[in-house]
Amino acid sequence: MNVLEVPCRQGSDMETERAPGRILVSVIIPTLNEQESIGRCLDALKRMDFPKEGFEVILVDNGSNDRTLEIAKSYAIALNLRTLQRPKVYVSSLRNLGAAAARGNYLAFLDADVIVPRKWMCSALAALRGKGAGVVGGPYHIPGNSSWVAKIWFEYRKPYESGDVSYLASGNLFISRALFARLGGFDETIETNEDYEFCQRARAAGLPIQAFPELGVEHLGTPQKLSAFYCQQRWHGTHVFRVFLRDPLKLPNAKAVFFALYTLICLIGVSCGLGIFAASGQFQALAISLLALLLTPVALSLQVAFSRGRWINFFPLTLLHLTYGVARALCLLNYRTWTGGKKPRASQRDKQLAFGEKA
């Protein structure tokens, strides 16, 4: 059933489901120097078709040195907004800290650079109230004036916008506070891929992971240039391999990891081929390595072109696949890919609160 067909319950019906303090949903937003987008994000929350007294906004800042906190605090009354600060920790710790302070029955994890639709919260509650609900969320949509980089990559990812999915991005994710506590929150030892790891634990616990188109949000932070796309994928891949190594027999992140490993081997081949060409003038090794490097991006783009009948996007999509592969491959050369890094974690008290104790 389309979740928008189930309206938000009002009046006494809503009151019976609220947590103490009259809050039904806690929206948790981690921030770090988000002055360009946080106002638009909070404006969208303020415009929602949902009673103001039924939800709270908890902004957890990671040490911003711009006007993020100043802008956010101007919404304190209009949005029932609180700010917490925890500098120099991973975003997973920020989300757990927000969950620790939450008063709502449900948790909504939201990124600071997204704009929610008016019925976002009503639609989410309808999904969460469904039989056997687990983790729910929606896709990211690109801004209307986006470049070819954003448009083509977005088109490529469309099949994963609805139904049962392997994971949901933690920048647009809903779960009941009770289930979040049972799962133990986000893993605070990894910088990225924490949403995938969290969803895998949820699936192992028998919870469905479901995406609803009605919960889609506009992602202001969508990369618009190829260089920005590369940087985003380089950062996103930071701890993908580390999550894979925890249980390689179950092949978590298998496609991304194998693509990165294959691309890395090809890049090593290209480097060796350049050396051979410089030393002896023989180009066979270089040519073979370059062809191998292009093989997977071309194959993936061909698959999309055949399935969609969109041959016009073949060459730019191949370039995006190649950029993705190179970015993820170079992640494997960074020691942080293999380790948890040195960022401090939230205190044990914060973890206990996030895992179910009352704030």
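Values in this text are rule-based calculations from the coordinates and carry no lab data. These numbers come from a predicted model, not from an experiment. So basically every Cβ, Gly included, is an ideal-geometry build from the backbone, and we count neighbours across all protein chains shown.
Of note:
- For the range 135-244, the convex hull spanned by the alpha carbon atoms encloses 106 Å³ per residue.
- Placing R0 at 22 angstrom, the Cβ-Cβ distance between SER74 and GLU53 gives a FRET efficiency of 0.65 after rounding to 0.05.
- The range 245-337 - charge dipole about Cα centre, Lys and Arg +1 at Cβ, Asp and Glu -1, debye rounded to 20: 320
- Each residue, ARG118 and LYS131, gets one label point 7 Å from its Cα in the Cβ direction; the gap between the two is 3.2 nm.
- Computed over the range 68-166, Kirkwood Rh from alpha-carbon pairs, angstrom: 16.5
- Distance (nanometres) between label positions extended 7 Å along Cα→Cβ at PHE314 and LYS255: 2.1
- All-pairs alpha carbon distance profile, the range 245-337, 10 Å steps from 0, percent: 16, 36, 32, 14, 2
- The calculated FRET efficiency for the pair GLN303 and ASP66, based on their C-beta separation and a Förster distance of 35 Å, comes to about 0.25.
- Solution diffusion estimate, µm²/s, Stokes-Einstein, the range 177-226, Kirkwood Rh from C-alpha pairs, 25 °C, viscosity 0.890 mPa s: 186
- Stokes-Einstein diffusion for the range 61-112, with the hydrodynamic radius set to the Kirkwood value over Cα pairs and evaluated at 4 °C in a medium of 1.567 mPa s, equals 107 µm²/s.
- Difference of contour (0.36 nm per residue) and Cα-Cα distance, LEU274 to ARG40: 79.4 nm
- Relative packing of peptides 120-129, 38-47 - highest average C-beta neighbours within 10 Å first: 120-129, 38-47
- Among the listed pairs LYS52/LYS119; LYS52/LYS73; LYS46/LYS119; LYS88/LYS255; LYS46/LYS151, those whose Cα-Cα separation exceeds 20 Å are LYS88/LYS255; LYS46/LYS151.
- With a simple spin-label model that places each label point 7 Å from the Cα along the Cα-to-Cβ direction, the separation between GLN85 and TRP148 comes to 4.6 nm.
- The length gained by stretching the chain between LYS225 and ASN33 to full extension, at 0.36 nm per residue less their Cα-Cα distance, is 67.1 nm.
- Remark: relative contact order (the range 245-337) = 31 percent; criterion is Cα-Cα distance under 8 angstrom and separation of 6 or more residues.
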